Each structure stands twice: as structure tokens, then as C-alpha cells.
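Novice: I have a structure here, written as C-alpha cells, and I will follow up with some questions on it.
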């Protein structure tokens, strides 16, 4: 039982971390909390679902399709809202309300466009068999999710720490004003980062349709809360922290299910509150966000 | 805040103005109360009226905490649910009468708010999501089978022994009056002024001798009290409910949107927002909910991007333009 | 507070009865940066102390520590011999310490009158008298956001005065003002000392302004006190000259 | 500033007054039509709610279709016979969408009663959405024909205005299952249930029933209704080495549970879940033959056919006619429950000698124990709670191209023998 919860916690935790990465990136660069993050994950899930059921393509192909689409949409959306947010006296709060509205719009469109019921994919991303790890047997999408999440996260790290644009992005994360003075095209870098953030969310959707047992239009807010819990645990605006947060979250959840299933439902919320109040900068974070 | 657009008259307030202002305050409390009290003679759907009153109170509660302090409580429904369950526990375990139980529901929400005071150390999105997490945790706690002896766990609450559609209706009217009074008095009071100062600049407010933490805590507890009373009277009005019904996060969503739509920081904005939007929802929304949700979402986006002051700001802006034009013409 | 840092500064141990404010060996670290290094000051009742130094020398940090915006890393701030270090600004405001800001931030959506109404009232003067005193008479009903930069400074000063401070910390009042405005404000500060017996610490670049108001000066450089004494002696002190001119 | 506030106040008052006047106008109109129809109504108004989205949509839509089906049937025959007026009267259906929200449902129930003045009221699917109707209906002396709510708190001696006309309280559902487990000498039983009324009531009955037979479940735990990942839960269940695993959830729980089971690497002799029997098409589509095969569930109509009925169509006739009327909609239990509930309302109209809600309640009381419809026998307690219905244990068998659920217990209803333990692989 211990071993099973441990492995499941790590595998699912890596997925949670990946699913939260976009939220963390968007916050780090733009200082906005994308309340619609979970809804973008839902859209990614629907893309995977439709690919699998309509076109009989492996649902993981949703990722290469979703990425350019999400980047383009994200950049366009950023260009559309940035002027208004820039004018606002309290951009963080306004963006919160804005994305809250966007979340409602996506949920409504998903309800209109797809069935209201939960949709489940019957075939796994790599067939239907179980996968054995250290003598324990897991649904094959557990390791598959982790196998996508880890390189995905590494790719983001590579972008941030090894590319020119990534350098500009990190400069932007530490100081918007200084980045502007250093001749960085702040708007373009921000737009691209937001696009990448959405692409990460949509990619996570292709895995979420398995890990979360299916997809329904109303799943978005729950996924946002989970993702937020994960990034808060790890430290907002810190992509590495998201993975650590995911692991902590996944392990706590799986161990609770193993030993105290009655109370397992409380774990994510209590964990979120505890970290916020005790170590508000997150396990890996540096920024303080007290009032 | 709409005060930001107020006129730049250089004179001191005259006595006539003071009286007019008092008259406006009294009217702001009395008019909605009397209209809701009379509404039952024209609309026999008492529960609809109670529900609208509940949303008026919730929107005012959001007004108190968001409009005056800038804290956006996504988990506001937690206080509503706490009020509903406080009322249930008062009736089922303490043998309280319905009205006392409703008041105890409000007290219960305040107790929850006291436990959650540390959340006020957080700001912006952190606070918003932390409050949501707290509400979800509370909901999960209330419906846990281990707490069956207190909350009846997943089996739901039954208050049918005290059900009274008239009683809950009139209590709701009184709570609306109370909520209006709270907002009017808050606006006029030192606390209200302090909160506006804190919102404008925390450091300056602090050097003005304002105890920032105490002022915010005051608004937080008041806001919780309003939601708790609303939850209590709602529990009474429907009398049979499950945890999912009173901890439904849509309730937060509606309350926040109603308040924002009408205009936070004003006295009547949230009332107009709640009445107008809930009637629209009830008329159109119930048969094409997805399209309503779509419109709802678009309204929120438009408010966020273009109308941060809500309906109130639009009306005030229009009046100002008229006045300017009038002045030009004269 | 570590006891040794207090004992290292005898001034903190037994301040004479006339010392309203004593800053005893205050050190403030920002991460690795030593913003204040064992700074000690003493201001007697009715005295106006000028605080000067180049940019980044720690002047505003001293004000921030005294006024409670920052807690000292070590050392103490004593008001009439009582330790007030690290107390919240609103508590200090109620105990008689208040300050103005280099860039004033009055509440923009409130009128000048409301800006004062919001504050804790510890002054014997009425709000109207204070507005009159700072030269805002007749503009009581203006929104703070509609006031000129100079009037916002006056309002900031008025806001501080309403709480009835015994010790007023004035941070770069002159910055960005014209000569006439400057002289007016200096006049107001002098009236505060003369008529209300107020004690002040005035941070200022502009020597001309200090000449009008300060009794003595303390010069800071790189977080440490390099001179304390009269203004004219300061200008002839080699260490001070080196910092300001030799740079 | 004051001027603005007054203006705002004025605007508020105007808006509120406008709203009130508008309602008053529609109200006056409604009152008018009602008065002129005082003697013999032109139509019988049936009111119901449905959820087009949210947690209960999968069950609520078919229930609504079942009611719609009955309304169409009646109108095709020239209306429903109303004994009080000794003639057939056209049926009009008024339905609102509550989107699975109890708050919205509450005001809509109130609207059905106070604005639409419905004659027959059928609340939405399930306890959570029925709860807000109970007290309002009692207050307005409106009889509720409860189709699928199973909460015991609804039925009390002092409330004659609710009658269970469809599904029995879920607390009674596991009775045959307990008998089956005892008969099969299955001693090591694991029960995982979701923390909601519907599932917790079943779990409690199972637990008590088994303990009464000297069997203490080796695993008895609840989990949040929002649970969708089951790997670790299944692993800790397996650690107790049960022969039978009983998972009591909603369909959104049962589906991921069944889908995770085979890959968690444990094979149990018996696996039982609640919903495959009620929503077989959905489970076939979302779980599939391989994962569904040989698991157990409650066998509900139309899986348990009632060929001999004395009211309405029999099970097979209903299945055919419903499929013709709603080709895209599966014939499942909620649809049948909607239809069966409408039939009890029909009986009330057919027999009540005066056109009042209490007269209808008396007529329904008189019919108790004497009626069999497509969903089985109709029998209620004094308090109006359904007690006639019985849910046998069914097992899912792979059949050509899909699965078929067959009754395996009790023996007198069984169409085949249970395959226990379930075949491996």
C-alpha cells in the first residue's frame, strides 16, 4: 500500500505539476492569475477526445495540434486585453474578474459544443494494458502522463534558461520596468508567454481526460483550483516550483486516499490553506504576498 | 469607486445638503425594503422573492468586503453555507425557533469568519482562491459522514418542522433592510471612511492612525454576518437541503457578478444588479442556460475591461455628461 | 532586540529627560545589504534635526524605521525613553510620531476634508484650523486627486498634523517644488515649531531649505553617521565635504 | 456626490418598480385566465423540471423524456380522463431547466406552483433536486409525484403532499444484494461509498444487513463524491483481500472506478457498482465490454420486464414505443421512472372524484398495492413512501458486440445463474 501510494503519488503528482505549469508561467510573467486555466485544460481534453473518437487518432496527438493553436490564440487574446489591463489601477484584480468571465464563456461554449455529460476515452494512450512498476500495477496513463509531463516541463525550463527569448522572459518576470528599459519588446514577450501558458494547459488536457476519468464542461473551475493549489505549494511564478508542488500535492492526495479516504477530499484545500498561511511564498518561492 | 467622478464643488456642505443627504440615506434603506415588502402582493412566487432578497443581501455582503476593502471572496458561499447549517443546527440540536436560528446562522458565519481571519494576510488572487479553498473545505467537512451527529452529514438538513413561507419571507425583508442599513451606515461611518482610505493607500492610511488590520477585519466580519443571515433565511425558506445546495459555488459567482454589475462601493448598485440580473436569469436563463452563461461571461469580461464601476458608473457618467452639456448650453 | 547593541550605545541606556527621540545603534539589513549600520541619533524636545546625505545613504530608511514602516534588524527606537521599535505605524501615529512622504499619497477619491476626517485625531487644533495652517483653506471640498503637487504635499502634512504628533518626520518636502512654494512650506514648519512646540527630523537635499528650519544636522553616508552638529560646522567638516563634493 | 447618490437611488427605485409592475401585469393576466377556467379546466397542466447540464443531466434528461412520452401518449388519445369532470382533458407540459442547481430549482418549483398553477407536479431527478420542492409544495398544498428522489426525510406523517411514484428509497435497494452475498457465502466484502445521501444510505443498509448475518465488511470507507482517481483506493481495498468489492457512487464515479480496476492489477471475484443497470448504454459506451463484463449491478426495468400490467404500456411495449418516439435516447431506468411516475398521476386523475390535490392523494393511496406498471408494482406506505419496488441483482455478460445484463438473484426472477467468481483475464 505504501509503495503503491508512493508511486501513484509521484506519477500523478508529475501530471499535476505539468497541469499547473501554465498557470505559474502566466503569473510569473504577466502577474495575472488565469482563472480560466482549468477551462483551457478542458478544451484540450475535448480536442483529445474528439481526435480519438472521430478521427481515431491517438489522443496524445492533440498536443502538437493544440500547441500552435493555443499560442496563436493566447497571443491574440493578450493583445486584445493588454491595453485595458494597462490602464487599470488594479490590474491583478481586474484580470481576476476578466478571466473569471472568460472561464464562464468557455464553459458555456463547451456545453453548447459538446455533450453535457462526462465523456470518457476507452482506449488508453498506449493501448489498454496495465503497466507494472516495482511489482505494482498501474493504469498505463499514469506513467504516460508522467512521461509527457517531465519532458514538457524540461522543454519549458530549456526555453526559459537556455534561449534568448527565455532570458527576456525571465528578465520580465523579475522586473517589468527594467526589462522595458533594457530594450526588451515587453508586449511581444508577454504575449508569447501567455500563448505558451495556454499551450501548456491545453497539452495537459490531453492527459487530464485520462487521469481525471473523463472530461465534462463543468470540470474547469475544479482543475483551476487544483492547479492553483499546486503552484501555491511550490511557489507562484516559479516553473520548477510547480513540479515540486505537484509532487507534494499528488503524494498527499494518494496517501490520504490510502489511509484516510473519508478525509481525502479535504486534503487539497487544507494543504493549500496551510501553505498559504504558513509559508506564503511557497516551498520554493521567494516572493512574499502578504497584504 | 464612483466617488472618484464626483463634482469638484469648492463650497462646504450646507445644511440643506446635509438634510438631503440624510433623506437619501433613509430612502436607500426604506425604498428597497418597502418594495420587497409590497412585492408579495404582486408576485405570488414568494420563494423567488426570497431568493432575490437573498442575492441582494449577498451582493451587499460582497460590496462590503470587495467594494470597501478590495478583497474579492470567491469562496463567499462558505459563509452562506455556514449560515444555513448554523440555522439547521440551532433548530435541530438547540431547539431554537426559526427566527432565532436564522440569527444564530449569522453568528455561525461570523465564527467561521473569525477562524478565517488569517486569510486577510493574503491579497489579490491569493486571497480570492484561499477563500474558495476554505469554502470547499467547509463544504467537504459538513457533508462528511463522520459528522453525521452534528450536520447529518451527506443525508442533508431538514427544517420542515419550522417551515413558514410567510415567516421566512418577512425575515428576509428585515434582513434586506439590515443589509441596506449596514452599507449606508458603513459609508457614512468612520470605519467606512477608513476602509476607503486603506483601499486607496495602505501606508498613508496607517500614518493617519488607521488600524488597517482591525478595519479590514471589521469589514470581513460584517460581510460574513450578512452572508450568514442570508444563508440562514434561505435554509428556512427551502427547509430541506443537502450540503451541495448551500455550498454551491455558483452562489458566490452570482453574488459577485450582481455586485460588480450594479457597481461596488455604491449603496444601491448591488441591489439593482441583483434584482435586474436575477429576473433576467429567471426569465431567460432557465430555458437556455448555456446561452445565459455565455452572456453572463461576456458581461463579466466587458465589466472587467471597460466598465470597472458597473452600472452605477455608467449612470453617473451619463449624468455628468448631461450636466456638462447643460452647463455649456447655459 | 539584542541587548549588546543597546549597551554599545550609551545614549540608548539613559536618555536625558529632554530627549524626545533616541535612535540607539539601529542596524537595518536588506538581505546582504547593510542599509543602516549602527545609526544613533538624539533629538531633544523642540529641536529640528536635519538629516542629510547623498542618495542611497540611508536617510529615508532612518525615517522608515523611526516611523514603524520598517522594523530594525537590531538596535532600538526610543520615544521618551520607551522602546517603540517595530511598532505598527498606526500605533506610533497614535503615540505621537508621524511623518510626511517624499511622494505624498493622499487618498485620491476623498476630499481634502475627508482626508483629514479619516485620521486619528490627536491634535488640539480642528481640521479647519489645520487646513488653514498648511494653506489649504478654501480647498477643503476638493478631491485630493485634483490638487496640485504642492497642495498634495500640504495635504500630506495636514494629515500628519491631525494625529497630533510630538515628533514629525519630514521626508524631502522640497523635492520638485518651486522656490516660492519651498519658502512657504519652510515658513509653515517654523510656525509648527514656534507655535506648537513640535519636534522634527527633516530629511532634505536642499541646504537652503535646511538653513531655514534646522537647528542641527546629522550627516549619513553608506548607512553610517559621519557627522553630528551644527549646519555651518558640517559644511566645513572634511569628511562631509569629501562625501558631498569629492564623492 | 449627494446628487449622484440620489440619482443612483432614483435609478434603482425605477428599475425595481419597473420590475414589480411587469410582474404585476403578467400576474393579472395569469389570474384572469385562471378565473375563467374555474369550472372545468381546458387543460391539465403538468409541471416538471429537468437539468440540461451539470451533475444530474445524465439521469434527469431521460426522466423528463419519460414524462414527455406519457404526455404525448395521452394527447394522442384525446387527453387524460379526469374523473372529477367525467371527460378527457388535453394535457399541457410546463418544464423548466434547473441546470442541476438546487437554488434555481427552488425558485422554479415555486414558479410552477404559483405562476403556472400546475395540476400535476413531478419534481426533477434525485433527492438533491427534489429537496427544495418538498416544503414549498406542502405549503401550497400541491401534491408531488416523486419519481426518483429517495431521501427518507421527505416522507413524514404530517405531510400528505408527496407520494413516491417511481424509484424506491435507495436505502432499500441493497436488500436483495445482501441476500445474494449471504447465499453465495461471500464473507470478505469491501464497501467504498461516496459521501452523499443516495450512496451513504445504500452503504449503511449493506453494512447493517451484512452484520446482521454475521459478516463484518473488511473495508468500509467513504470518499468524496468528486473523486475520479481510483488507483490508490483500489490498491488499499485489495490489501484487505476481499472477495467482493462494492462501489457505491454516481455514474461519474462508477465509470472511472470500473475503468481503473483492471489496470490496478487486482482481480476480484465480484465487483458491484450502482449505475450500469440504470444507464446501460452510457456504460457500454464509456466503460466497454471488457471492463464491464461479469461485474454486478442493480437490475432495473427494462432489464427486469413486467409483461403483465394493469396501467399503461408493459415494459416491452414501452421500450419499443419510446425508442420510436425518441430515437436518439436510450431506453433506461430514469426514462421508465419518468413514465411510471406519470402513470401514477394518470391514475390519480382517472380515479379522484373531485379535482383537488388531496382527492388525488386519496386516489393514489387507494391504488396502492393494486397497480402494476412497466416499472413494477406500485405500493406505498401510509406516509407515501414507495415500497413496492424491488431491485434484483444483475450481472453483466458479454454478448455479441456488446454486453447484456441478466438477473442472477433472487432465483425466482433470475434469467441465468451468476458467474461467480468472475472469470479471470
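Novice: When residues of segment B:295-310 are filtered for being more than 7 Å from every other protein chain (Cβ to nearest Cβ), crowded, with 19+ Cβ neighbours inside 10 Å and not in a helix (DSSP H, G or I), how many remain?
Specialist: Qualifying residue count, segment B:295-310: 1.
Novice: Among D:127, D:101, D:110, which is the only one that is crowded, with 22+ Cβ neighbours inside 10 Å and over 30 Å from residue D:297 (Cβ atoms)?
Specialist: Selected residue: D:110, the only one of D:127, D:101, D:110 that is crowded, with 22+ Cβ neighbours inside 10 Å and over 30 Å from residue D:297 (Cβ atoms).
Novice: Hey, which of the helices (runs of 4 or more DSSP H) in segment A:127-244, taking only ones fully inside, have at least 2 residues that are within 14 Å of chain D (Cβ to nearest Cβ) and at pLDDT 85 or above?
Specialist: Answer list for segment A:127-244: A:141-162, A:186-211, A:220-234.
Novice: Considering segment D:92-144 alone, what residues qualify as being facing another protein chain (nearest Cβ under 7 Å), closer than 22 Å to residue B:160 by Cα and in a loop (DSSP other than H, G, I, E, B)?
Specialist: Selection gives D:101 alone.
Novice: Working only within segment B:14-59, note down all residues that are in a loop (DSSP other than H, G, I, E, B) and touching a helix residue (DSSP H, G or I) at 6+ places or on another chain (Cβ under 7 Å).
Specialist: B:43, B:44, B:45
For every residue, the table says whether it meets (1) at pLDDT below 90; (2) within 25 Å of residue A:136 (Cβ to Cβ).
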position: D:199; (1), (2): no, no
position: D:214; (1), (2): no, no
position: D:240; (1), (2): no, yes
position: D:243; (1), (2): no, yes
position: D:253; (1), (2): no, yes
position: D:259; (1), (2): yes, yes
position: D:274; (1), (2): no, no
position: D:280; (1), (2): yes, no
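Novice: Go through segment C:60-96 and report how many residues are surrounded by fewer than 17 Cβ atoms within 10 Å (Cβ to Cβ) and touching a helix residue (DSSP H, G or I) at 6+ places or on another chain (Cβ under 8 Å).
Specialist: 2
Novice: Restricting segment A:109-126 to residues that are buried (at least 23 other Cβ atoms within 10 Å of the Cβ) and part of a helix (DSSP H, G or I), which is farthest from the other protein chains (Cβ to nearest Cβ)?
Specialist: So, considering only residues that are buried (at least 23 other Cβ atoms within 10 Å of the Cβ) and part of a helix (DSSP H, G or I), the one farthest from the other protein chains (Cβ to nearest Cβ) is A:110.
Novice: Being buried (at least 19 other Cβ atoms within 10 Å of the Cβ) and in a loop (DSSP other than H, G, I, E, B) is the filter here; which residues of segment C:97-118 pass it?
Specialist: C:100, C:101, C:104, C:106, C:107, C:109, C:110, C:118
Novice: What number of residues within segment B:175-202 are without any contact (Cβ under 8 Å) to a residue 40 or more places away in the chain and part of a helix (DSSP H, G or I)?
Specialist: 8
Novice: A further question follows. Return yes when residue B:83 is farther than 17 Å from residue B:232 by Cβ, touching a helix residue (DSSP H, G or I) at 6+ places or on another chain (Cβ under 6 Å) and touching a residue at least 40 places away in the same chain (Cβ under 8 Å) and no when it is not.
Specialist: Criteria not met by residue B:83.
Novice: Further question: Quick one: count up the residues across segment B:128-174 that are more than 7 Å from every other protein chain (Cβ to nearest Cβ) and not in a helix (DSSP H, G or I).
Specialist: Matching residues across segment B:128-174 total 4.
Novice: Can you tell me which residue is farthest from the chain's Cα centre (by Cα) among those in segment B:104-126 that are facing another protein chain (nearest Cβ under 10 Å) and modelled with pLDDT of 90 or more?
Specialist: Checked segment B:104-126; the qualifying residue farthest from the chain's Cα centre (by Cα) is B:118.
Novice: A further question follows. Which of the helices (runs of 4 or more DSSP H) contained wholly in segment A:1-106 include at least 1 residues that are crowded, with 17+ Cβ neighbours inside 10 Å and facing chain B (nearest Cβ under 9 Å)?
Specialist: Qualifying helices (runs of 4 or more DSSP H): A:2-30, A:62-87.
Novice: Counting residues that are more than 7 Å from every other protein chain (Cβ to nearest Cβ), free of Cβ contacts under 8 Å to residues at least 60 places away in the same chain and under 18 Å from residue D:405 (Cβ atoms), which helices (runs of 4 or more DSSP H) fully inside segment D:209-304 reach at least 2?
Specialist: Result: D:251-260, D:280-286, D:288-292.
Novice: Still on this structure, please answer the following. Residues of segment D:52-81 being assigned to a strand (DSSP E or B) and either in the same structural domain as residue D:275 (by TED's automatic domain parsing) or surrounded by 22 or more Cβ atoms within 10 Å (Cβ to Cβ) (or both), which ones?
Specialist: D:80
Novice: Considering only residues of segment A:262-279 that are within 7 Å of another protein chain (Cβ to nearest Cβ) and not in a helix (DSSP H, G or I), which is surrounded by the fewest Cβ atoms within 10 Å (Cβ to Cβ)?
Specialist: A:266
Novice: Of the residues B:209, B:192, which single one is on the phi > 0 side of the Ramachandran plot and within 14 Å of chain C (Cβ to nearest Cβ)?
Specialist: Result of the check over B:209, B:192: B:209.
Novice: Further question: Checking the conditions here, which among B:283, B:274 is more than 9 Å from every other protein chain (Cβ to nearest Cβ), modelled with pLDDT under 75 and either closer than 23 Å to residue B:72 by Cα or out of contact with any strand residue (DSSP E or B) (no Cβ under 9 Å at 6 or more places or on another chain) (or both)?
Specialist: Testing whether each residue is more than 9 Å from every other protein chain (Cβ to nearest Cβ), modelled with pLDDT under 75 and either closer than 23 Å to residue B:72 by Cα or out of contact with any strand residue (DSSP E or B) (no Cβ under 9 Å at 6 or more places or on another chain) (or both) leaves just B:283.
Novice: If residue B:198 passes every condition in (1) over 16 Å from residue B:106 (Cβ atoms); (2) over 17 Å from the mean Cα position of the chain (by Cα); (3) more than 14 Å from chain C (Cβ to nearest Cβ); (4) surrounded by 21 or more Cβ atoms within 10 Å (Cβ to Cβ) but one, which one does it miss?
Specialist: (3)
Novice: Go through segment B:212-254 and count every residue that is assigned to a loop (DSSP other than H, G, I, E, B) and at the interface with another protein chain (Cβ under 8 Å from one of its Cβ atoms).
Specialist: 3
The values are calculated or read from the model by the stated rules, or taken from the named source; none is laboratory data. In this text, all values refer to a predicted model and were calculated from it rather than measured experimentally. Please note: Cβ atoms are built from the backbone with ideal geometry, for glycine as well, and neighbour counts cover all protein chains shown.
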